[in-house]
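Only the coordinates and a few stated rules stand behind these numbers; no lab work does. Quick caveat: nothing in here was measured; it's all calculated off a predicted structure. Every residue, glycine among them, receives a Cβ derived from its backbone with ideal geometry; neighbour counts consider all protein chains shown.
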Amino acid sequence: MPAHEMDSVWLGVATSMGYTARIAPQSTLDDIAGLAATDVLCHSLLG
């Protein structure tokens with residue numbers, strides 16, 4: 001479930017471009033090796 005409206009927007013854009021998109025927790029970035037098969041990464045910081 002997207003935490004913010006913009007997450008939903010990016011998910012829709014990526015999906016419409018043909019990507020298999022998902023919203024993952026920020027902790028996903030803790031293991032960079034897990035991103036080896038990632039074509040596009042959108043990351044945002046909210047403060």
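For Ile23, Ile32, the sequence from fewest to most other C-beta atoms within 10 Å is Ile32, Ile23.
Given the chain, what whole percent of its Cα pairs are spread farther than 15 Å? Cα-Cα pairs of the chain separated by over 15 Å account for 47 percent. Distance between the 7 Å Cα→Cβ label points at Leu41 and Ser16: 2.6 nm.
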